[in-house]
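Where a number appears in this text, it was derived from the coordinates with a stated rule and is not lab data. Keep in mind the model is a prediction, meaning the values are calculated, not measured. As a convention, Cβ positions derive from the backbone with ideal geometry for all residues, glycine included, and neighbour counts pool all protein chains shown.
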Amino acid sequence: MTERTELVEHGQLFIGGEFTDPLGTGVIEVISPHTEQVIGRVPHASEGDVDRAVAAARRAFDEGPWPRMGVDERIAVITRIKDAFAVRHEEFARLISAQNGTPYSSSVMVQALAAMMVWDSAITVARDFPYEERRDGVLGPLLVRREPVGVVAAVVPWNVPQFTAAAKLAPALLAGCTAVLKVSPETPLDAYVLAEIAQEAGLPPGVLSILPADREVSEYLVGHRDVDKVSFTGSVAAGRRVMEVASRNLTRVTLELGGKSAAIVLPDADLEAAVAGIVPFAWMINGQACVAQTRILVPNSRYDEMAEAFAAAAGALRVGDPLDPTTELGPLVARRQQQRSLDYIKLGQEEGAKILTGGNRPAAQERGWYVEPTLFGSVDNSMRIAREEIFGPVICLIPYEDEAEAVRIADDSPYGLSGSVWTADTERGIDVARRVRTGTYSVNTFSLDMLGPFGGYKNSGLGREFGPEGYGEFFEHKMIHLPAGYREA
């Protein structure tokens with residue numbers, strides 16, 4: 001029998017490091033995408049709660065000890081958060097699976113342990129980061145400092161809530177910033193576990209607040225005059241709005257947005273290895289991942305063989321209750337996402353693409369927001385199903401004639417976030433990787449390494465997360481001119 005999640009209720013908000021009563025009376029009900037029943041209730045943060053959280057963060061940054069600590073002191077606190085995350089990773093995985101439908105079989109790694117790895121990798125980067133350096137300038141010696149940017153508004157989505165929260169909070173806090181985390185109304189329950197961990201780790205008052213709220217409150221936070229930096233993950237449309245609102249105060253922004261990434265299977269590829277490597281990352285998180293390999297490019301010379309192999313693998317994915325450990329594809333997070341996928345499936349057929357597998361609601365699922373893993377064949381890259389981010393279990397198989405055309409098709413997209421190439425010749429794969437204009441690329445694998453920069457070209461975003469490049473997004477750069485002939489004592 002599948003373990004069910006009991007009703008989880010919280011009556012307070014985490015503001016400035018303390019659980020406190022909300023100012024408003026709004027309530028967020030969390031709905032199971034599997035049962036369509038209420039599984040949780042939390043307060044809906046109001047604009048007044050945002051004001052309280054930002055004011056606490058402002059005081060903590062301007063007057064408190066956190067930005068003035070040595071980096072080793074901050075690392076000690078963040079290490080306690082990371083260690084507690086490891087201890088409670090199964091709890092995170094169950095809560096997130098119950099809220100957004102991620103199969104528990106992958107949630108332990110994708111939703112929980114991967115988030116812990118983000119905290120750990122940020123600690124590694126922070127230890128060796130050049131916070132201050134001497135340079136020889138044209139007119140004399142220089143001192144170049146990197147100083148924390150200030151109060152950070154971190155806005156995260158529902159698909160990987162703890163992973164994206166860690167991508168923002170870990171570097172921000174290690175840099176000496178203070179933060180207000182705005183979590184999605186679809187997945188607020190796991191945020192309370194993070195709040196408990198942060199409180200127990202000993203973050204000073206005001207350093208972190210966590211607010212569940214909708215888009216309107218998010219917009220209020222992003223446009224707050226006491227926020228110095230916004231780090232946002234979400235859709236392109238929402239990212240444009242974040243940038244517009246933040247620009248009123250010239251607030252710095254990092255935007256991690258959508259993708260329509262291409263996996264290029266070259267003619268010499270080991271088909272069995274390519275299918276095994278691509279399918280889990282095409283349909284990851286039930287197709288609700290910005291880095292998902294949603295366009296699979298295959299050579300005309302092997303099209304029938306490859307189409308049959310990918311369709312068989314997709315059709316074999318086990319669909320069902322996300323908390324069942326044998327499930328490989330669960331429900332979409334909300335009814336609107338289910339309908340969106342079904343609408344695109346209808347559109348793809350109208351555009352002339354051929355369904356190779358899937359295309360409907362699963363007959364075995366009488367309730368829940370399920371869509372079968374769906375693979376379209378004979379897709380032209382000009383079709384909307386190949387150009388628009390569906391954010392559901394709908395994947396396109398696109399034929400190409402030669403390698404040059406494969407690269408052209410991969411690049412013929414408004415997005416540029418991820419991608420992969422599969423070939424018997426690794427050097428050839430590296431050459432393809434260099435030519436495709438996308439922020440993250442893999443050769444004969446799919447990976448997202450937290451010690452390297454992650455982010456997108458084109459509409460996939462601005463700035464980077466992870467590695468020294470992502471850490472650097474949370475600093476201002478200061479140049480101090482020193483007198484000619486100065487030598488450090």
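Summary of values
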item	result
Convex hull (Cα only) mean projected area of the range 262-450, reported in nm² to one decimal	10.3 nm²
Degrees separating the helix 114-128 axis from the principal Cα axis of the chain, which is the longest one	40 degrees
Helix axis angle, 89-100 relative to the chain longest principal axis, alpha carbon, degrees	60 degrees
Local net charge near GLY452, Cβ-Cβ under 13 Å (Lys/Arg +1, Asp/Glu -1)	-2
Alpha carbon centroid spacing (whole Å) that separates the range 45-69 from the range 13-37	21 Å
Set of lysines near LYS168 by C-alpha distance (under 18 Å), chain-local residues within fewer than 8 positions excluded	LYS82, LYS182, LYS229
Protection-proxy order for peptides 29-35, 6-12, each taking the mean of Cβ atoms within 10 Å per residue, highest first	29-35, 6-12
Folded to 0 to 90 degrees: helix 47-62 orientation relative to the chain principal axis, Cα	50 degrees
Hull volume in cubic angstrom per residue (convex hull over the Cα atoms of the chain)	153 Å³
For ALA56, net neighbour charge (Lys/Arg +1, Asp/Glu -1) across residues whose Cβ lies under 12 Å away	-3
Rounded to 5, the percent of DSSP beta bridges in the chain classed as antiparallel	45 percent
